[in-house]
Every structure is written in C-alpha cells, then in structure tokens.
Amino acid sequence: MSTVLFFGDSITYGEYDGVFGGFADILKRFSLAEFTSEKAKEVTIYNLGIPGETSEGILKRIEPEIQARISDRQDAVFLFYGANDLAQKEGRYLVPVKDFALHISAVVDIALKFTKNIYIISILPLGDHIDGKITPNGKIRRRSDVSDYNSHLKRISTLKNIRYLDLHDLFSGSKEKLLSSDGVHPNGKGYRFIADYLRPLLHELWY
C-alpha cells in the first residue's frame, strides 16, 4: 500500500466544488475504483488542505502530519501553497515573499526526511476581474505577486531536486473557464482539470 498526502489551503480542501469535492477527492475515488477493479495496488490519499492556511501554518504542522501517515520512502507529498500568502490586507502581505520562500524551503527539508517524492504545485492564475482589486473579504491579490511567489517555488524545487508542477501556465489559457467567480478558486471543471493532470503522476504509485 502507498500513501499520498496533499497539503494546501482551501484549493486543496476543495472549496467551491460542491459536486466533486475538489481534486484530491476526485483522485481518491479514482484510486479506489482502480484498486477494487484489481487494476492497481491500494493507495491511501489524504486531503490535508486547511482553508486559509499559509506557509507559516504548514511549517508548524508538517512533521507530525507526515509522521502519523507515511512509512515508506516511496510515498508522496504534494505542497500547494501561496494563494493566501501573497494576499494583502490593510497594506500588508499575509506572508511576505522572502518569508514565504524560507517557510517552503524548510517544509521541503522536513518532508525530505520521510520521502524523496515531493511535488510543489504552482499558484494558480488570478481571474482578470480581481487583479489588484479589493475583494469582499478585504484582501487584494495581484498577478505580479503570483509570478514573484511562483518564481521562488520554482527555484526551491530546482535547488532541492524535486518536481515543480506548473499549473499556472496550464490554467492561464482557459482560466476564465476553470476558475470560480471569486477568481481564486477553481470551479468544478478546474478541479477536474487538476485531477486529470495529477493522475499520471500517481500511476507510479498505483502500478
């Protein structure tokens, strides 16, 4: 049996997807179907997304969460952070980019103690209608910050020799069809898109 842990914020949790429950739940169902049809070995998928979480939060909980669930170096950890970190409220970033990079780097170092299979997922593009605009929750997000924070995620991935999954570029061409009305979270089609993209990466665990 293999284990896959998905860490992240409300996007990992599956917010705004009342049909499928988010990409992690879609993958759970697919994994179960493959196992019950005897096409693949058993894989346990944990959705450990917490709405509103930033890189500061995952740094505090990553080690005990992994210790409680991973027992094999072939298990996998996915990290999907940044959409909250880069938000500004009352003129201040929730987590400034330099702190964000330090947090994610430290999180990766901790995860590497348990498994070599670590994946960093890029921050998704923003809907055009919210770029630089104050949203009802009082936060501002900017496309330029998405690019800046993503560049640090990519650099960390290179330095740590782990995979960087660029969903940002894959989403960009069809983002208005794949994002919810809030311009931050995927809609049902967007979550299905993410699940379909990640599924081949998990085949190495399933077969």
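Which of the residues that make up the stretch 23-67 are in a loop (DSSP other than H, G, I, E, B), at pLDDT below 95 and not charged (D, E, K, R)?
37, 40
Scan the stretch 21-34 residue by residue and report those that are surrounded by fewer than 18 Cβ atoms within 10 Å (Cβ to Cβ) and either among the hydrophobic types (A, V, I, L, M, F, W, C) or under 14 Å from residue 193 (Cβ atoms) (or both).
Scanning the stretch 21-34 gives 32, 33.
Can you tell me how many residues within the stretch 183-192 are surrounded by 17 or more Cβ atoms within 10 Å (Cβ to Cβ) and assigned to a helix (DSSP H, G or I)? Write out each step before concluding.
Going residue by residue through the stretch 183-192, those that are surrounded by 17 or more Cβ atoms within 10 Å (Cβ to Cβ) are 183-188, 190-192.
Next, only the ones that are assigned to a helix (DSSP H, G or I) stay: 188, 190-192.
So the answer is 4.
Can residue 202 be described as of a type outside the set (Ser, Thr, Tyr) and touching a Phe, Trp or Tyr at 6+ places or on another chain (Cβ under 8 Å)? Break it down stepwise before answering.
Details: of a type outside the set (Ser, Thr, Tyr): yes; touching a Phe, Trp or Tyr at 6+ places or on another chain (Cβ under 8 Å): no.
Considered against the rule, which asks whether it is of a type outside the set (Ser, Thr, Tyr) and touching a Phe, Trp or Tyr at 6+ places or on another chain (Cβ under 8 Å), residue 202 comes out as no.
Output the residues belonging to the stretch 76-99 that are in a loop (DSSP other than H, G, I, E, B) and in contact (Cβ under 8 Å) with a residue 60 or more places away in the chain.
Initial filter on the stretch 76-99 (in a loop (DSSP other than H, G, I, E, B)): 81-87, 90-91, 94-96.
Once the filter is applied, which keeps residues that are in a loop (DSSP other than H, G, I, E, B) and in contact (Cβ under 8 Å) with a residue 60 or more places away in the chain, the stretch 76-99 yields 81, 82, 83, 84, 85, 86.
Name the single residue, out of those in the stretch 99-117 being closer than 15 Å to residue 80 by Cβ and of a type in the set (A, V, I, L, M), that is surrounded by the fewest Cβ atoms within 10 Å (Cβ to Cβ).
108
If residue 60 meets every condition in (1) surrounded by fewer than 14 Cβ atoms within 10 Å (Cβ to Cβ); (2) closer than 14 Å to residue 4 by Cα apart from one, which number is that one?
Of everything listed in (1) surrounded by fewer than 14 Cβ atoms within 10 Å (Cβ to Cβ); (2) closer than 14 Å to residue 4 by Cα, residue 60 misses just condition (2).
I'd like to know if the stretch 120-134 contains one or more residues that are among the hydrophobic types (A, V, I, L, M, F, W, C) and touching a residue at least 60 places away in the same chain (Cβ under 8 Å). Please lay out each step first, then the result.
Keep residues of the stretch 120-134 that are among the hydrophobic types (A, V, I, L, M, F, W, C), which gives 120-121, 123-124, 126, 130, 134.
Right, trim to touching a residue at least 60 places away in the same chain (Cβ under 8 Å) and you get 121, 124.
Yes, some residue in the stretch 120-134 is among the hydrophobic types (A, V, I, L, M, F, W, C) and touching a residue at least 60 places away in the same chain (Cβ under 8 Å).
Name the single residue that is surrounded by the fewest Cβ atoms within 10 Å (Cβ to Cβ) among those in the stretch 132-160 being among the hydrophobic types (A, V, I, L, M, F, W, C) and within 26 Å of residue 119 (Cβ to Cβ).
So the residue we want is 159.
Taking only pairs six or more apart or across chains, which ones have beta-carbon atoms under 7 Å, a first residue in the stretch 144-166 that is more than 13 Å from residue 105 (Cα to Cα), and a second residue that is of a type in the set (Phe, Trp, Tyr) and surrounded by 15 or more Cβ atoms within 10 Å (Cβ to Cβ)?
Final answer for the pair search is 163/119; 165/119.
Look at the stretch 170-182 and say how many of its residues are without any contact (Cβ under 8 Å) to a residue 24 or more places away in the chain and part of a helix (DSSP H, G or I).
Qualifying residue count for the region: 2.
Exactly one of (1) part of a helix (DSSP H, G or I); (2) under 23 Å from residue 19 (Cβ atoms) is unmet by residue 150. Its number?
Among (1) part of a helix (DSSP H, G or I); (2) under 23 Å from residue 19 (Cβ atoms), the lone unmet condition for residue 150 is (2).
The values are calculated or read from the model by the stated rules, or taken from the named source; none is laboratory data. Note that the structure is a prediction, hence the values are computed from the model and not measured. All Cβ positions, glycine included, derive from the backbone under ideal geometry; neighbour counts span all protein chains shown.
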